[in-house]
1. Answer yes or no as to whether A:V210 is assigned to a helix (DSSP H, G or I), modelled with pLDDT of 90 or more, touching a Lys or Arg at 6+ places or on another chain (Cβ under 8 Å) and hydrophobic (A, V, I, L, M, F, W, C).
2. When region B:16-29 is examined, which residues are found to be in contact (Cβ under 8 Å) with a residue 40 or more places away in the chain and within 9 Å of chain A (Cβ to nearest Cβ)?
3. Go through region A:323-335 residue by residue and tally those that are crowded, with 20+ Cβ neighbours inside 10 Å and either away from chain B (no Cβ under 11 Å) or closer than 30 Å to A:R413 by Cβ (or both).
4. Among the residues in region B:125-142, are any closer than 21 Å to A:G257 by Cβ and either touching a Leu at 6+ places or on another chain (Cβ under 7 Å) or surrounded by 14 or more Cβ atoms within 10 Å (Cβ to Cβ) (or both)?
5. Just a yes or no: is a residue in region B:92-104 in contact with a strand residue (DSSP E or B) (Cβ under 7 Å, 6 or more places away or on another chain), hydroxyl-bearing (S, T, Y) and either in a loop (DSSP other than H, G, I, E, B) or modelled with pLDDT under 90 (or both)?
6. In this structure, does A:A213 turn out to be in contact with a strand residue (DSSP E or B) (Cβ under 6 Å, 6 or more places away or on another chain), more than 10 Å from chain B (Cβ to nearest Cβ) and of a type in the set (A, V, I, L, M, F, W, C)?
7. Can you name the residue in region B:186-224 that is among the basic types (K, R) and at the interface with chain A (Cβ under 10 Å from one of its Cβ atoms) and is also farthest from B:A54 (Cα to Cα) among such residues?
8. Under 7 Å by Cβ, and 6 or more places apart or on different chains, what pairs join a residue from region A:147-174 that is away from every other protein chain (no Cβ under 14 Å) with one that is of a type in the set (V, I, T) and part of a loop (DSSP other than H, G, I, E, B)?
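The values are calculated or read from the model by the stated rules, or taken from the named source; none is laboratory data. These numbers were taken from a predicted model, which means no experiment stands behind them. Every residue, glycine as well, gets a Cβ built from its backbone with ideal geometry; the counts of neighbours run over all protein chains shown.
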Amino acid sequence: MFSFDYRQPADMDSLPLLDAAELRRRVIRAVDGGWRMLAFFGLPETARPGAPAGLCCVLAHDATRTLAALRTPPLEQFPSLTPDCPQAHYFEREMYEQWGLEPVGHPWLKPVRRAPDAEGDGESAAYPFYRADGDEVHEVAVGPVHAGIIEPGHFRFQCYGENVLHLEIALGYQHRGLEAMLAAASAYGPAQTTARRLLLLECAAGDSSVAHATAHCVLWERLTGQDVPERAWLLRRVGLELERLANHCGDLGAIAGDTGFLPTSSWNGRIRGDFLNMTASVCGNRFGRGLLRYGGTAHDLCPEECEDLTTRLRAAGRDARGAVDIMLDAASVRDRLNGTGALNRADARALGLVGVAARACGLPLDARFHAPVSDLPGTEPCLEQSGDVLARALVRSREMDDSLALVEADLSRLAARTGARTAATPPAPPSRLPARKLAVAQVEGWRGEICHLAVTDAEGELLACKIVDPSFHNWPGLALAMRNGQISDFPLCNKSFNLSYCGHDL
Amino acid sequence: MLRIIKERLHQKYRTLDYPRQKPALSPRYLGRPTLANVECGDCRACFEACPTGALLPDPAGPDGRARTPVLDMGRCIFCGACRAACPKGAFRFSGEHRMAVFRREDLLVSAAPDPQADAPAPAYEPPFPPRDYSLFRRSLKLRQVSAGGCGACEADCNVLGTLAYDLGRFGIEFVASPRHADGLLLTGPVSENMRRALLDTWAATPKPRLLAVVGACAISGGLFRDSPQCRNGMDGLKGTQGTDDLHVDLFVPGCPPNPWSILDGLLSLRRKN
């Protein structure tokens with residue numbers, strides 16, 4: 001298997017062309033041996049639309065910080081990996097939908113992003129929902145327009161009494177054609193191409209703007225060999241960890257809300273806003289839009305601003321800690337969360353879960369640790385073992401402490417280096433990319449590992465620009481966590497995963 | 001129990017007495033743009049820099065010479081690229097968060113006729129509603145529909161329910177069903193996959209009803225303008241099949257709009273001449 005360091009772009013010419021059966025055999029053997037599927041996608045032969053595509057699979061070995069890539073020549077069908085490698089299940093459905101490559105023998109070949117009631121296309125037959133039959137089995141359909149202020153998606157429960165036999169999640173309502181727009185960005189002229197791609201990725205999932213922007217910048221910097229000053233890394237991490245703090249804080253509040261523990265629910269709603277407003281103090285936008293640039297950042301902080309942010313960070317950190325501790329110490333809350341929506345470690349690993357959901361099952365997956373983007377001193381993954389809503393809440397609670405410490409340390413380093421405000425003058429974006437390279441960027445967003453991947457052709461044009469949001473891995477995990485649970489557990493379970501619809505739908 | 005009460009005392013009262021008190025926004029926040037009148041010559045820098053085509057050539061050049069373009073806030077994502085690109089400093093973004101308007105054309109911002117760029121801009125006067133919304137003055141229930149949004153506009157609507165903003169004290173509330181609602185609040189560029197669900201939700205909302213569109217995507221498609229998978233928000237949806245009775249009552253620009261901008265927009269419906 002062709003393997004390479006995670007920071008180095010791989011040479012496409014050194015990737016041997018395998019036939020599909022050989023790729024299948026090698027991927028399954030690697031996954032059995034502890035490798036993990038980062039992306040599995042259709043790789044077109046040329047940048048021309050409609051060019052024939054082959055398979056390309058990128059795997060990661062976290063313990064050795066090594067990546068591996070495999071590919072096949074163009075094909076139309078291939079033997080499905082899913083029966084022996086459930087991680088491939090969603091990728092293969094996407095492959096069939098997006099590139100028309102058919103995984104023969106796939107047990108669950110359904111659309112990924114075509115909405116169940118979408119109009120217009122010839123094959124708009126009813127979405128083939130799984131159904132449990134029986135006189136006392138009933139079906140509950142929810143969405144796409146939900147009761148709360150939340151993105152659209154459709155949930156179909158097969159219930160026996162209050163018990164959920166099966167939950168099927170059908171998404172695609174948020175599909176905006178993001179990957180196609182990334183590819184088409186070059187039509188807007190060289191002055192805009194890079195800026196436009198970055199703006200689009202900041203909107204890939206609006207609550208993970210900094211994480212997706214970081215992944216994109218890192219990807220381009222790795223492709224072109226661009227160095228990034230340490231100061232920029234500090235500022236990027238301040239943005240990334242503030243994003244984590246805001247969302248973890250909001251999620252814990254939402255879990256409190258669905259538990260019926262209202263004090264923490266209402267306090268955390270406010271404290272989340274305090275963290276967002278700190279991000280706005282750095283770059284003007286509460287979601288961190290416009291903070292990053294290729295090769296650096298668009299904004300910098302002076303010592304007084306760092307001091308002001310540190311004061312506000314400590315106050316918000318104290319408030320968040322107090323609010324969350326009250327909740328996690330309440331026996332009634334512990335009782336509600338304990339054992340609800342539990343996933344075991346073997347299932348989590350087989351499905352390829354990432355992020356908070358994986359760490360709550362005891363899987364030590366944290367890209368800040370196993371694929372750090374910079375040389376800054378990092379962090380250790382926070383693990384829990386029980387895999388239930390409580391574990392997912394506890395992981396978030398502990399990660400808040402880590403993030404608070406990281407941001408405070410970074411701010412003090414930023415304040416100490418006065419006069420060196422060089423981070424805000426990033427280099428000009430590259431006018432062209434190197435030819436025949438494959439580069440990967442893994443960034444731990446608050447939800448989990450975000451993976452961006454680019455492949456260039458002989459002219460340095462983009463052959464593929466693949467975005468894998470952690471939600472793409474984790475939605476099947478939510479469906480599995482609900483199995484044999486109570487339907488009334490769904491809101492709580494859903495909040496504890498808090499997955500992105502648009503990050504999945506792209 | 002005692003710990004909860006102690007913590008409650010620590011967390012204090014945090015609701016801002018809006019609109020009497022003004023929110024403190026980041027000095028780096030880019031709010032309502034103000035344009036200065038400059039002669040552009042052959043310069044096209046801002047047009048080339050703008051990622052959403054929000055700049056429209058000024059049609060009314062009195063002497064036929066190119067001047068500062070018109071900025072369409074309905075398309076603008078407030079990225080500041082035009083400000084950075086313009087060699088003559090024609091673009092400024094104020095700290096003004098009040099940006100909501102009632103008519104699409106009111107989102108067009110032209111350069112001040114006074115060419116003195118250094119003169120302080122006059123204080124912003126928000127517009128008055130062109131229709132009588134007094135029916136909704138004391139109670140306004142809205143159903144939110146996200147149609148292809150990235151989640152940021154939705155988050156900034158959601159946050160209005162938290163205690164910092166406390167939307168409920170104005171009698172405004174987001175409700176679970178269109179059947180309970182006085183209107184819809186739309187976010188997102190209207191993806192193909194959400195078009196039908198949006199129109200169904202609109203049809204399920206009893207009359208009289210209103211429609212508020214929040215964010216650049218919902219107004220014009222924003223960054224996703226011209227994606228084959230999207231309908232360019234209300235700009236693209238209006239006039240297509242099944243949208244005859246779709247009338248927008250309120251536009252809140254931004255990407256995403258600040259929560260205070262959305263709150264100001266909702267409150268502006270009760271403003272009286």
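1. Yes.
2. Passing the criteria: B:L25, B:P27, B:Y29.
3. Qualifying residue count, region A:323-335: 3.
4. Yes, there is a match, as at least one residue in region B:125-142 is closer than 21 Å to A:G257 by Cβ and either touching a Leu at 6+ places or on another chain (Cβ under 7 Å) or surrounded by 14 or more Cβ atoms within 10 Å (Cβ to Cβ) (or both).
5. Yes: one or more hits.
6. Yes: the conditions hold for A:A213.
7. The selected residue is B:R196.
8. Sorted first by the residue in region A:147-174, then by its partner, the list stays empty.
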